[in-house]
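Student: I am attaching a structure below and will ask some questions about it afterwards.
All of the numbers you see were taken from the coordinates with simple rules; none came from a lab. These numbers come from a predicted model, not from an experiment. Note: ideal-geometry Cβ built from the backbone for every residue, glycine included; neighbour counts use all protein chains shown.
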Amino acid sequence: MLDLTARIAHENNGKIPGSRNVNGGLTLAHAPLARLLGVYDADEAYLAGRWTMSQLRDTVQLTATLSPCPLPVGELPSRTGERITWTERLIASKESLDIWQRRLVYYAMYYLAATVMLRDSQLSVLPFDPLKTQEFTRPDGSTYIKHTLSAYKTKNRHAAVPTSVVVNGRVARIIALLHRLQRALGYEPRRSDTTGVPFLFDQLLATPLGKRSHGMARDGLYLDLSFPKMLKEGARELYDRGVTKRSLDDIDISMRHVRITSAQAYAVREHGQALAAAFGQWDTAAVARGYVGDVYKLITPIDPDEAADLVHQDAGRRLHRAYTHRPELTGKGQARLDQTIETNLAALSNPQPLTPARLKTLGKRNRNIEQGPLTLCLYQIEGALCGGKGKPDFRLCLPGQCRNSVMTPADRARYELMRRQHLALKSDVLRRAADKMHDANPDIAAEFADTTDDELHAIITAHIDEYIRAALEDRA
């Protein structure tokens, strides 16, 4: 330890890393320095630290900000736009890297719970290597990546049932990051007692190198009652550091509400039917009905016939709204929309209320109408740039450019917000994607040139709120 400490002092003008003791005074950070040397015994580290300080004496100066880690601290854009380090220093201590290791793992679990709607029981048996990544070629010769997550259904089942769901690139990066962490910790993944295969969220994944997990700790990790506190503490640190725009101190976080809140958020999105087909699989019909009554119909298909009825009602409601808001729409699919409106003009112009039965009938006559993430699609195979076979493939959609595409103001606001978010992340790949979005629909950027991100959010939210309110009230 003397050699390491002397080298650090030489490289930092006589300064060496210190840590606060129980009285608030600075002492040599002997435990973190010992861990850099592969020594994890607290008593041994303490004795080595005392001897080191007895040799160096007044030739060095202790500081609470010096990072003994040989790696640079990553920088992020602050609230004011300048780039700052996300933490003051990297040091292997309980209040620094140790707690952030644990937070990282739990935040990853939370992201999966919130976006893929996995329960704790499903996270606990998630395979260690759950991701399958494939590259596909579009009709125009360009390629795209598809990530498929393998998991298990566990609710109300005697045995875990294998299943899979397509996930985004962020999930893929999270899994890759957790694999890097496992390799750094150097432990062998254990097998789940439930499935018999190695599982990802092992207690060892959140245990610092060289330390032991609590004697009463379970084999796996769970988003239990302690997680909201951990989430808020991490958010507060990043906010105080100037990295994030807000803390979570004023947010009431309950893990019991995570999945259902996420499900409702999916339900009110424009492509809720596609999301329901993907994420509704985690629940049985009985469980689904037990959440929020009829609202959950918009989240999880209860049975095939009922799901089909909801899809037809949605298509009918979309068409009627396109008819009543025709001047607000843009996109190269307007000609096909006008033809569809003319064909259904008698039903659309009928002054009588559009009941669920009438909406369902209207939707059955226009099964090619489907809402995507960024556009309303009036699918016809002729001129379909997505190359979808029999139905639109929204992963390859070109909003506004396809002859099937019609965009509402909310679609255009979402499109512009996505373009700005791509630019804000300062990634070369995302910047090229943002440039392609601008080149494809330059009028959208011009339309919202004087509109802030918050105002774009407000446009989207108002549209979603009004649409879901109409759906729940069985009106157009």
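Student: Can you list residues whose amide H is under 5 Å from R138's amide H, if they're 5+ apart or on another chain and H is modeled 1.01 Å from N?
Tutor: T143, Y144
Student: The list [x] -0.29, -0.67, -1.46; [y] -0.37, -0.76, -1.32; [z] -0.30, -0.65, -1.20 gives values of log10 I(q)/I(0) by the Debye sum over Cα atoms at q = 0.06, 0.09, 0.13 Å⁻¹, and only one came from this structure; which label was calculated from it?
Tutor: [y]
Student: Rank the residues Y379, Y187 as a footprinting-exposure proxy: fewest other Cβ atoms within 10 Å of their Cβ go first. Could you put the intermediate results ahead of the total?
Tutor: Details: Y379 21, Y187 13.
Going from sparsest to densest Cβ surroundings: Y187, Y379.
Student: Let me spell out the model: positive unit charges on the Cβ of Lys and Arg, negative unit charges on the Cβ of Asp and Glu, origin at the Cα centre of the chain. What dipole size does that give, in debye rounded to 20? Write down the numbers at each step before the final one.
Tutor: Details: 64 positive and 55 negative charges, 143 e Å.
Roughly 680 debye for the chain.
Student: What percentages make up the Cα-Cα pair-distance distribution of segment 298-400 when the bins are 5 Å wide from 0?
Tutor: Going from the shortest bin to the longest, the percentages are 2, 12, 22, 24, 20, 13, 6, 1.
Student: Taking only C-alpha pairs under 8 Å that are 6+ residues apart, what is the relative contact order of the chain in percent? Please report the intermediate quantities before stating the final value.
Tutor: Working: 642 pairs, mean separation 47.1, N = 476.
Across the chain, relative contact order equals 10 percent.
Student: If you don't mind, another one. Got a sec? How would I460, I84 order by Cβ neighbour count within 10 Å, fewest to most?
Tutor: On the way: I460 19, I84 15.
The fewest-first ordering by Cβ neighbours comes to I84, I460.
Student: Using just the Cα positions, wrap segment 2-68 in a convex hull and report its mean projected area in square nanometres, one decimal place. All intermediate terms of the calculation are to be shown ahead of the outcome.
Tutor: Details: hull surface 16.9 nm².
Taking a quarter of the hull surface, the average projection is 4.2 nm².
Student: A further question follows. Which net charge results when you count Lys and Arg as +1 and Asp and Glu as -1 among the other residues whose beta-carbon is under 15 Å from that of F136? Don't skip to the end; give the middle numbers.
Tutor: Numbers: positive: K132, R138, K146, K389, R395; negative: E135, D140, D393.
Residues near F136 contribute +2 overall.
Student: What is the calculated FRET efficiency for N13 to D129, with r their C-beta to C-beta distance and R₀ = 51 Å, to the nearest 0.05?
Tutor: Values: r = 46 Å, r/R0 = 0.91.
Step by step, r from the Cβ atoms, then E = 0.65.
Student: Give me, ordered by chain and number, the residues 5 or more places off R403 or on other chains with an amide H under 5 Å from its own placed amide H.
Tutor: Here L385 satisfy the definition.
Student: If segment 39-148 were replaced by its equivalent ellipsoid, with semi-axes equal to the square roots of 5 times the Cα gyration tensor eigenvalues, what would those be, largest first, whole Å? Numbers along the way, then the final one.
Tutor: Values: eigenvalues 366, 94, 43 Å².
Taking √(5λ) for each eigenvalue gives 43, 22, 15 Å, largest first.
Student: Starting at the first residue of segment 320-329, write each ³J(HN,Hα) from the Karplus equation 6.51 cos²θ - 1.76 cosθ + 1.60 with θ = phi - 60°, in whole Hz, x for Gly and Pro.
Tutor: 5, 5, 4, 5, 6, 10, 3, x, 7, 8
Student: Okay, moving on. Enter the Cα centre distance for the pair segment 1-70 and segment 100-130, rounded to the nearest angstrom.
Tutor: Answer, in whole Å: 36.
Student: Straight distance only, please: which lysines reach the Cα of K153 with their own Cα at less than 27 Å, same-chain residues fewer than 8 apart left out?
Tutor: K132, K297
Student: Taking the Cα centre of segment 2-68 as origin and charging only Cβ (+1 Lys, Arg; -1 Asp, Glu), how large is the dipole, in debye to the nearest 20?
Tutor: On the way: 6 positive and 6 negative charges, 40 e Å.
Computed about the Cα centre, the dipole is about 200 debye.
Student: Would you please state the base-10 log of I(q)/I(0) at q = 0.11, 0.18 1/Å for segment 303-472, with intensities from the Debye formula using one equal scatterer on every alpha carbon?
Tutor: Log10 I(q)/I(0), no solvent term: -0.49, -1.20.
Student: Let me ask you something else. Counting Lys and Arg as +1 and Asp and Glu as -1, what is the net charge of the other residues whose Cβ lies under 11 Å from the Cβ of G383?
Tutor: Numbers: positive: K332, R336, R403; negative: E382.
Spelling it out: positives minus negatives among the neighbours equals +2.
Student: Quote to one decimal, in nm, the extra length available between D224 and R119 on full extension: 0.36 nm per residue of separation minus the C-alpha distance between them.
Tutor: Numbers: separation 105, 0.36 × 105 = 37.80 nm, distance 1.13 nm.
Computed gain between D224 and R119 is 36.7 nm.
Student: Let's see if you can work this out: charge +1 on each Lys and Arg Cβ, -1 on each Asp and Glu Cβ, no other charges. What is the dipole magnitude of segment 303-472 about its Cα centre, in debye to the nearest 20? Walk me through the numbers before you get to the answer.
Tutor: Details: 24 positive and 24 negative charges, 105 e Å.
Charge dipole of segment 303-472: 500 debye, to the nearest 20.
Student: At 25 °C and 0.890 mPa s, what whole-number value in µm²/s does Stokes-Einstein give for the translational diffusion of segment 97-253, with Rh from the Kirkwood sum over Cα pairs? If you can, show how the numbers build up before the last one.
Tutor: Numbers: Rh = 17.1 Å.
The Stokes-Einstein estimate is 143 µm²/s.
Student: Compute the long axis of helix 356-365 from its Cα atoms, compare it with the longest principal axis of the Cα atoms of the chain, and write down the angle in degrees, 0 to 90, nearest 10.
Tutor: Around 80 degrees separate the two axes.
Student: Fewest first, what order do T361, T244 take by the number of other Cβ atoms within 10 Å? Each step should come with its number before you reach the end.
Tutor: Working: T361 15, T244 18.
Ascending Cβ contact count within 10 Å gives the list T361, T244.
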